[in-house]
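See structure below.
The values are calculated or read from the model by the stated rules, or taken from the named source; none is laboratory data. Source: prediction; values computed, not measured. With ideal geometry, Cβ positions are generated from the backbone for all residues, glycine too; neighbour counts draw on all protein chains shown. The accessibility values were calculated without ligands, DNA or RNA, using every heavy atom of the protein model including side chains. Shrake-Rupley method; radii C 1.70, N 1.55, O 1.52, S 1.80 Å.
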Amino acid sequence: MQKKGFLVTFEGGEGCGKSTQSQLFCQFLKQKNINYYMAREPGGTNFAEYIRMLVKDVTFEEKSPLSELLLFEAARADVVDKIVKPMLENGAVMVLDRFYDSTLAYQGYGRQMDKEMVKLLNKVATEGIEPNLTFYLKISPEESFKRKTKDKLDLIELSGEDFHKRVEFGFDCIAKENKNRYVIIDATQDRDTMQKQIREIFMERYNAFQSK
Ligand SMILES: Nc1ncnc2c1ncn2[C@@H]1O[C@H](COP(=O)(O)OP(=O)(O)OP(=O)(O)O)[C@@H](O)[C@H]1O
Ligand SMILES: [Mg+2]
């Protein structure tokens, strides 16, 4: 039988719980003896982690939005080529803490760049790979920023209230346009309740996918 990889992504605004939930989810995959690999975006390879540092660095606040967008896509191209693609070809469950929906939400909706251009660049950088399942951890920026320490905010987090409202609206639109793969999790709930929902939904979708 041909091996089939399964790509799960965690999306949402700042501090919604993506890293917390994706890590708890990987513990579950480990317990279940499911072959998995996890990476965060931007990041996941040495080169992409270096780009992550650059895009978050407040020293470079003045860079053009297009150069920021291309940096995100450059990081993505590397992690897709070196990790995501090989893992999926190997039949693993690949878990990503953010993926290309974040670029459409942040650069397309947040920075108000041409959405069709962002979608095209996303397609190029991902070589057309799409998630099988996306968990959108939904919480308003007002609520999630209460969880953050203000003196440690990075460049993206410091982009202003209106920007983060547009990002939230962006994720809402993307969720509506991708109903098949999108599952919205109420991220105002406690972390165990969220994780329970995530695990249940994953098992349903993963079993259905495997028996196809
Ligand atoms: N369900 C929850 N309820 C309350 N606080 C939470 C919950 N989940 C995570 N937190 C806390 O909120 C903060 C942000 O969580 P986390 O880092 O997982 O979010 P994130 O989406 O990965 O953030 P970022 O966008 O910065 O990567 C952390 O301090 C974390 O401990
Ligand atoms: Mg995180």
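A few notes on this one:
- Residue in region 55-75 that is in contact with a strand residue (DSSP E or B) (Cβ under 9 Å, 6 or more places away or on another chain), away from ligand 1 (no atom under 15 Å from the Cβ) and open to solvent by less than 60 Å² (accessible area, probe 1.4 Å) present: no
- The residues of region 50-85 that are in contact (Cβ under 8 Å) with a residue 40 or more places away in the chain and part of a loop (DSSP other than H, G, I, E, B), listed by number, are 57, 61.
- Here is the figure for region 1-25: residues that are in a helix (DSSP H, G or I) and open to solvent by 10 Å² or more (accessible area, probe 1.4 Å) total 5.
- Pairs where the first residue, in region 184-200, is of a type in the set (Ser, Thr, Tyr) and the second is part of a helix (DSSP H, G or I) and open to solvent by 10 Å² or more (accessible area, probe 1.4 Å), C-beta under 9 Å, 6+ apart: 188/143
- Residues in region 172-193 that are of a type in the set (D, E, K, R) and either open to solvent by less than 50 Å² (accessible area, probe 1.4 Å) or closer than 8 Å to residue 136 by Cβ (or both): 172, 181.
- Flag for residue 47 being in a helix (DSSP H, G or I), surrounded by 19 or more Cβ atoms within 10 Å (Cβ to Cβ) and either within 14 Å of ligand 2 (Cβ to nearest atom) or not hydroxyl-bearing (Ser, Thr, Tyr) (or both): no
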